[in-house]
1. Could you please give the count of residues in the range 492-534 that are outside any helix (DSSP H, G or I) and in contact with a His (Cβ under 9 Å, 6 or more places away or on another chain)?
2. If a residue must be of a type in the set (A, V, I, L, M, F, W, C) and out of contact with any strand residue (DSSP E or B) (no Cβ under 8 Å at 6 or more places or on another chain), how many such residues does the range 182-201 contain?
3. Residue check: is E245 closer than 30 Å to V385 by Cβ and open to solvent by 20 Å² or more (accessible area, probe 1.4 Å)?
4. Could you check the range 167-223 and list, in sequence order, the residues that are open to solvent by less than 20 Å² (accessible area, probe 1.4 Å), assigned to a strand (DSSP E or B) and under 22 Å from C278 (Cβ atoms)?
5. From the list I166, I179, which one is of a type outside the set (S, T, Y) and at pLDDT 95 or above?
6. Can you say whether F317 is hydrophobic (A, V, I, L, M, F, W, C), touching a helix residue (DSSP H, G or I) at 6+ places or on another chain (Cβ under 9 Å), outside any helix (DSSP H, G or I) and open to solvent by 10 Å² or more (accessible area, probe 1.4 Å), as far as the supplied structure shows?
7. Every residue in the range 104-120 that is of a type in the set (S, T, Y) and open to solvent by 10 Å² or more (accessible area, probe 1.4 Å), please.
8. For the condition over 19 Å from S334 (Cβ atoms) and either open to solvent by less than 10 Å² (accessible area, probe 1.4 Å) or aromatic (F, W, Y) (or both), what is the one hit in V404, V388, V436, V364?
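The values are calculated or read from the model by the stated rules, or taken from the named source; none is laboratory data. Note that the coordinates shown come from a computational prediction; the quantities given were computed from them, not determined experimentally. Because the Cβ atoms are built from the backbone with ideal geometry, glycine has one as well, and the counts that use them run over all protein chains shown. With ligands, DNA and RNA removed, areas are computed over all heavy atoms of the protein, side chains included. Shrake-Rupley method; radii C 1.70, N 1.55, O 1.52, S 1.80 Å.
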Amino acid sequence: MSSFPIERSQKGSVKSPEARASVAEKEEFNFSKALDRPRALNIDRQRSCDDRSLTDLSVGFSPRHLVSKADITSRLVEHLEHLHSPLSKSGINTPRSGTWDSLTSEAWEALRRSLVYFRGQPVGTIAALDSSEENLNYDQVFVRDFVPSALAFLMHGEPDIVKNFILKTLRLQSWEKKIDRFQLAEGVMPASFKVFHDPVRNHETLIADFGESAIGRVAPVDSGFWWIILLRAYTKSTGDTSLAEQPECQKGMRLILSLCLSEGFDTFPTLLCADGCCMIDRRMGVYGYPIEIQALFFMALRCALQLLKQDDEGKEFMEKIVKRLHALSYHMKSHFWLDLKQLNDVYRFKTEEYSHTAVNKFNVIPESLPDWVFDFMPQYGGYFVGNVSPARMDFRWFCLGNCVAILSCMATPEQSTAIMDLIESRWEELIGEMPVKVCYPALENHEWTIITGCDPKNTRWSYHNGGSWPVLVWLLTAAAIKTGRPQIARRALQIAESKLLKDNWPEYYDGTLGRYVGKQARKFQTWSIAGYLAARMMLDDPSHVGLVALEEDRQLKPLLKRSNSWTF
């Protein structure tokens, strides 16, 4: 008999770089002025958590000819961080009045239908409401899936739903977690939970899944990171620091951090993870040090640094966080970053190097470079590769990890600009007819057989193997706004708007261009709906990006000397 943690209650085509720069500068100018417009509502917030500085975190970057652009972006993000624009709380069943069109209204109605209640209070949103397909675990509230829903509710002035979710998942974290007689660490957050209704006994029961019921039986590494990031977003949106300061929340953060900051055999500051531990939750060759987890890890550490109380326990963790951030930031910027210059360096690597003087530190074999990467890499642009570990580099592009790298400032301003340059240069491959490709390119033929284990759901250009996921448009939008390139988000959102409602909000799209509704895609997928709403509201009011965008630390020191594509 399975043992579940329970809680019971008694109840009843691309422009030239020069042209792009010109357009971007014009957009940035208008965008910056828009941020200065008078606010309808201005509530004083407690900003102490945002004023903490990582004085020991030392990273840097090479200068680029577009210095003025980086300066604009830096000032813009600082402005986003300190703008106070909470919206007044609206009725739970009525969208806020204003410029809301029929598409937005339909999206809000669909999102509200997905709400899950426990003890009469909303505690999250169901993964999908597609009655034509078998439920499987789509009838549950997923931590990662709820994030765009939470952001939409926060931007809409409805923080109570988010607060309930934070507290409920925190309560589930404390339950004993066993899989096949093996006990998981105390700090593991659930992948999902559901409300079981027993009308005979008049009971509601929360049932959590920590990986024991998941396909592949892999515990979610990203849930704890998303929880910390969401706690910071709630605090930023409401100005209410009391939730984060509760002893239970402080303990919950410390338990998550204890798992990640523990010392072991690893010689890298990155986090060693199994395949299937994140959004890509099936075997896809992301085991080791996937970029998605490292970027979320980096962002969660920075958020925790703002949220932890400066008591004895908090200060001890803060010291560990600063040390880890220092090492992690340098490692990611040095070894995970790929641009034309670095690609050429890898192409010329020598192998079997020994000692501290080795250039090819991971003994990557140049012959392992895939043919596609040489044509994919533009002259101006770059990205963080999917994975780096001994004798192995995964050169695939992963959207979520690169967007979070921008939002968390794991990427330098120049690297952030280069990532957006890459997206514009490779628009057809990465955006196509439905934003956004979860990864590029797809695994095919023998490679697909070996790496995915012949996974029939992850056939080429489908699901997580190069499928297009509308939910990712909110991350693309936030990254584009932060880098001063809102026109990229606007263009992508227009593409999504042309199909999402007509296609009943699919989970994902198939094909090299994302032209076809996914062969096993659920309809009325909640995070597709919420991702669109979050993106739309960010474009309508760019100050909302401050909920998920961190500012560059003022004390960062330029130690990184690597040349990047912008030095050409």
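1. Within the range 492-534, residues that are outside any helix (DSSP H, G or I) and in contact with a His (Cβ under 9 Å, 6 or more places away or on another chain) number 1.
2. Going through the range 182-201 one residue at a time, the tally reaches 5.
3. No, not satisfied.
4. S192, F193, A208, D209
5. From the options I166, I179, the qualifying one is I166.
6. Taking the combined requirement at face value, the residue does not satisfy it.
7. Listed by number, the residues that qualify are S105, Y117.
8. V436
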